[in-house]
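Taking it in order: structure first as structure tokens, then the write-up.
Every read-out reported here was derived from the displayed coordinates using simple, explicitly stated rules and does not represent laboratory data. Please read these numbers as outputs of a predicted model, since none were measured by experiment. When we count neighbours, we look across all protein chains shown, and the Cβ atoms used for this are built from the backbone with ideal geometry, even at glycine.
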Amino acid sequence: MSTPVKKRRFLRFTLLVAVVFFFTATASAYLTYFYINGTTFPIKRSNPRYEIGTFVVDLIPDNVWNHRLLKAQVMVEADHTYTVRVLRRREAEVRDAVNKILRNQTPTAVAGRTGMEKLAEEVKKAINEEVLGQAGVVQVYFPELVMQ
């Protein structure tokens, strides 16, 4: 082989090694930074959450023969830890507001994704208006929702 061909191969090989080294060094620095700071990856900080509890209610029948039960575990995400403290202090009012909303549902209203989203929005609105008097609940979650 001639000398210019060897030089080109050597330059390509050197360039490839430099690129691989650069990416390896960058990845190592990234992971080392987060390891030193106590976490492996950047995690979005979430708002405080409060578990209201589990409810078992009779749903309003769609027709005479359609009696159904709804079992729902309800959890809310608050805008601040102060809101969670208020919800804990006013647990009876919170549970009553959620109970009223759940008992006024029909099986078809709760069924499906849109039904759950509407139900979550109603629960959020009831807690914010009736219990807190302001917008403190950001999101409502149903970790467990069973209809029989």
Neighbours of Ala135 by Cβ distance under 11 Å: Lys/Arg at +1, Asp/Glu at -1, summed charge 0
Taking Cα atoms, the helix 112-126 axis meets the longest principal axis of the chain at an angle in degrees (rounded to 10) of 70 degrees
Neighbour count of at most 13 Cβ within 10 Å plus DSSP loop: longest trypsin sites (Lys or Arg not before Pro)-free window in the chain: 46-148
Add -39500 (n - 2.57) for each DSSP H run of 4 or more in the chain, then divide by its residues: what number comes out at 222 nm, to the nearest 500 deg cm²/dmol? -16500 deg cm²/dmol
How large is ³J(HN,Hα), in whole Hz, for each residue of segment 93-100 in order, when computed from phi with the Karplus curve 6.51 cos²θ - 1.76 cosθ + 1.60 and θ = phi - 60°, using x for Gly and Pro? 5, 5, 4, 5, 5, 5, 4, 4
Could you tell me which residue out of Pro48, Thr3, Ala97 lies farthest along the dipole of the chain toward its positive end? Charges go on the beta carbon: Lys and Arg +1, Asp and Glu -1, centred on the Cα centre. Thr3
Before anything else, pin down the relative contact order of segment 65-148: Cα pairs under 8 Å, at least 6 apart, normalised by residue count, whole percent. 55 percent
Using only the Cα atoms of segment 49-147, what semi-axes does the equivalent ellipsoid have when each is the square root of 5 times a gyration tensor eigenvalue? Give whole Å, largest first. 25, 12, 11
